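Here is the structure we will look at.
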Amino acid sequence: MRCRGVTKDFGTGGSLTRALRGVDLDVPSGELLMLVGPSGCGKTTLVSILAGTLEPTAGDVTVLGQDLVAMSNGRKVRFRRENVGFVFQAFNLLPALTAAENAAVPLLIAGWGRHAAIEAAGAVLDELGLGDRLASLPSELSGGQQQRVAIARALVHGPRLLVCDEPTSALDAENGRITMELIQRIAVQPGRAVIVVTHDARVYAFADRIASMEDGRIDSLTAGPHAAGSA
Amino acid sequence: MLWIAWKMLIGNRAKYLGIVFGVVFAALLIAQQASIFCGLMLLTISQIRDVQGPDIWVMDRNVQYVDDIKPLADTELFRVKGVPGVEWAVRFYKGIVRARLEEGSYEQMILLGIDDDTLVGAPEGVLLGSVADLRKPDAVIIDKVGYQKIWPGEPLRLGRVFEMNDRRAVIVGIATASKTFQSFPIVYTRYSQAVLFAPRERKVLSFVLAEAAPGETAAAVCRRIEEQTGLQALTQRQFVWKTLRHYLAKTGIPINFGITVLLGFLVGTAIAGQTFYLFTVENIRQFGALKAMGTGNWTILGMVLFQALQVGIVGYGVGVGFAALFGLATKSFGRLSFFMPWQVLAITGVAVLLIVLLASLLSIRKVLVVDPAIVFRG
């Protein structure tokens, strides 16, 4: 993934806010990159653009060899469906669906049959240690378990880009660590890039690289403790 | 994805029931009021439908509906009989008289005078006595509902006497008859007797009832009667529709019922629309997440429309079901007119479809414009 000179403005005239001010960033496959920085620094805006859910005002964004800026809306929807997995801060599970059904949603969106999708999702949940909670509703799961369902949902369709927005901020320290371990162990694969937006310093240890943002720019790009540990 | 839409919809039971309630309310009100309206319209034509046998009704040119009596000279009967294609023709009297009961009280009654010889126009379902007894002096047959209205709680009994136009009338039969618009008791008697019971007038003949000869159509014979006599001749079906058109065009009944139906439509739309919109707003992050994960706008549109239709189908079924139960209940205590033809069901169905489509419009707009990036905002 590669972006060059990405800017993003919100509003017009006197109320114009510049959220991103010329961001350059490369994320290779097989890497876990953490975007860190204080609130309002542009982390979420940048990750939204990289995931294809937000248009940049200017700049080039190439993900998996495809130019996101030039892509039509319809192609972008298809691109996200096929290539991007999401883990949200607030989980965003559908409250009426069971864990297995929630995890199966990307497959259902891709047109899989219900039973096959739920079966495949069950296997991923099993890998994440939730094999005994497949039929539980989100309201019957703890925050950590819900986040694991969200991770299963993000991975079930084998995306090549995983975007995690503050995946540990709604969790206690122990569950945050477990979540990051799972992301590190299961999500980071040779053919997949993982971007984690966070301001939770406790999880920095899982990063291959850390991009530190400040005022709409990448302030510093350093090797993370995990990469250093691996080396 | 429709399965997800359905699960989302029923997942929040309170909201789901709230939306369905709005549609049930509208469907119930529309179906019930429309059925009562149809029932009332049926009352206006009950006396035409109750006369079995003759196809052709002949009357004054200016008659607008069945209760709009403009008497003819008795000689018109012979002119009608003389028209080629008329197999037979008989006199028929219809009027409202005031009866003095044994107890001294007065009661308005619908007096029907049927042909002395053939008794064409006599009631079909005689419960007590017989039609043939009408040939006895002063004999009348009264309808059961009318009898029970005059003498509530008393058993049906023949031989009761009352007076009309100072003349004695003896009940020799009790019959079933369709309810009428005026809801007065109906009294059947011979034509020659009816003109004595009725107030004295120069002309007394209300209608000539006729039958087309074999091989002739009633409509063709009607045209011939009109050409040759200058009277108005209608088939039974034409007379039914002429009467209905009069009530629809010249009375406030359709407007009154229409207002209630419109109110049901508007209130139902408001309740369903508001609750459905709140439901959508509550689920907007879920819709945003689905969009972020690659669900296209057409699929989202389909999901919302499916939810709306699902609510519509359930609301329609329950609403119309309640309306039908109401109809059954009223039938058992027999006061209210209720008639639910398939057209009422179809109109209610169309109204419900409109309600759910209108109710979902705001929601559709909301989910279509929602930015999938909303899911990244905590």
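Brief remarks on what is shown
Quick grid of which residues meet (1) without any contact (Cβ under 8 Å) to a residue 24 or more places away in the chain; (2) loosely packed, with under 15 Cβ neighbours inside 10 Å; (3) farther than 18 Å from A:VAL163 by Cα:
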| site | (1), (2), (3) |
| --- | --- |
| A:ARG4 | no, yes, yes |
| A:LYS8 | no, no, yes |
| A:GLY13 | yes, yes, yes |
| A:ALA19 | no, no, yes |
| A:PRO28 | no, yes, no |
| A:LYS43 | no, no, no |
| A:VAL47 | no, no, no |
| A:VAL61 | no, no, no |
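- Scanning the stretch B:24-58 for residues that are in a helix (DSSP H, G or I) and over 18 Å from B:GLN182 (Cα atoms) yields B:VAL24, B:PHE25, B:ALA26, B:ALA27, B:LEU28, B:LEU29, B:ILE30, B:ALA31, B:GLN32, B:GLN33, B:ALA34, B:SER35.
- Just one of the listed residues (A:ASP208, A:ASP165, A:ASP200) is touching a Gly at 6+ places or on another chain (Cβ under 9 Å) and more than 14 Å from every other protein chain (Cβ to nearest Cβ), and it is A:ASP208.
- Cβ separations smaller than 7 Å between residues 6+ apart or across chains give the following pairs from the stretch A:65-84 residues that are at the interface with chain B (Cβ under 8 Å from one of its Cβ atoms) to residues that are in a helix (DSSP H, G or I) and at pLDDT below 90: A:ARG80/B:ALA292.
One line per residue, one yes/no per condition, for (1) in contact with a strand residue (DSSP E or B) (Cβ under 9 Å, 6 or more places away or on another chain); (2) in contact (Cβ under 8 Å) with a residue 24 or more places away in the chain; (3) away from chain A (no Cβ under 14 Å):
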residue: B:GLY294; (1), (2), (3): yes, no, no
residue: B:TRP298; (1), (2), (3): no, no, no
residue: B:ALA308; (1), (2), (3): no, yes, yes
residue: B:ILE313; (1), (2), (3): no, no, yes
residue: B:TRP342; (1), (2), (3): no, no, yes
residue: B:GLY349; (1), (2), (3): no, yes, yes
residue: B:SER363; (1), (2), (3): no, yes, yes
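- One residue from B:ARG91, B:ARG98, B:ARG61 being part of a loop (DSSP other than H, G, I, E, B) and within 32 Å of the chain's Cα centre (by Cα): B:ARG61
- Qualifying residue in the stretch A:146-154 (condition: buried (at least 23 other Cβ atoms within 10 Å of the Cβ), touching a strand residue (DSSP E or B) at 6+ places or on another chain (Cβ under 8 Å), more than 11 Å from chain B (Cβ to nearest Cβ) and at pLDDT 85 or above): yes
- Answer from A:SER220, A:SER212 - the residue that is without any contact (Cβ under 8 Å) to a residue 60 or more places away in the chain and at negative phi: A:SER220
- Residue check, B:PHE257 at pLDDT 90 or above, within 17 Å of the chain's Cα centre (by Cα) and either assigned by TED's automatic domain parsing to the domain that holds B:LEU9 or in a helix (DSSP H, G or I) (or both): no
- Checked against (1) farther than 11 Å from B:ALA31 by Cβ; (2) away from chain A (no Cβ under 14 Å), B:VAL370 passes all but condition (2).
- Hits in the stretch A:96-125 - residues which are assigned to a loop (DSSP other than H, G, I, E, B), more than 10 Å from every other protein chain (Cβ to nearest Cβ) and under 12 Å from A:HIS157 (Cα atoms): A:TRP112
- Test: residue in the stretch A:159-169 that is crowded, with 21+ Cβ neighbours inside 10 Å and free of Cβ contacts under 8 Å to residues at least 60 places away in the same chain: yes
- Looking at B:GLY11, B:GLY85, B:GLY22, just one residue is in contact (Cβ under 8 Å) with a residue 40 or more places away in the chain and outside the structural domain of B:PRO199 (by TED's automatic domain parsing), and that residue is B:GLY22.
- When the stretch A:107-146 is filtered for residues that are β-branched (Val, Ile, Thr) and over 27 Å from A:ARG75 (Cα atoms), only A:VAL124 remains.
A quick yes/no check of all residues on (1) within 14 Å of chain A (Cβ to nearest Cβ); (2) of a type in the set (Val, Ile, Thr); (3) under 25 Å from A:LEU108 (Cα atoms):
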position: B:PHE276; (1), (2), (3): no, no, yes
position: B:VAL281; (1), (2), (3): no, yes, yes
position: B:GLY327; (1), (2), (3): no, no, no
position: B:SER337; (1), (2), (3): no, no, no
position: B:LEU354; (1), (2), (3): no, no, no
position: B:ALA359; (1), (2), (3): no, no, no
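- Applying the criterion of being in contact with a helix residue (DSSP H, G or I) (Cβ under 8 Å, 6 or more places away or on another chain) and part of a helix (DSSP H, G or I) to the residues of the stretch A:126-135, the residue that is farthest from the other protein chains (Cβ to nearest Cβ) is A:GLY131.
- Any hit, the stretch B:14-23, residues being within 14 Å of another protein chain (Cβ to nearest Cβ) and either within 25 Å of the chain's Cα centre (by Cα) or of a type outside the set (A, V, I, L, M) (or both): yes
- Filtered residues of the stretch B:1-41 (kept if in contact with a Phe, Trp or Tyr (Cβ under 6 Å, 6 or more places away or on another chain) and not hydrophobic (A, V, I, L, M, F, W, C)): B:LYS15, B:GLN32, B:GLN33, B:SER35, B:GLY39
The values are calculated or read from the model by the stated rules, or taken from the named source; none is laboratory data. Since the structure is predicted, the reported quantities are computational estimates derived from the model, not experimental observations. With ideal geometry, Cβ positions are generated from the backbone for all residues, glycine too; neighbour counts draw on all protein chains shown.
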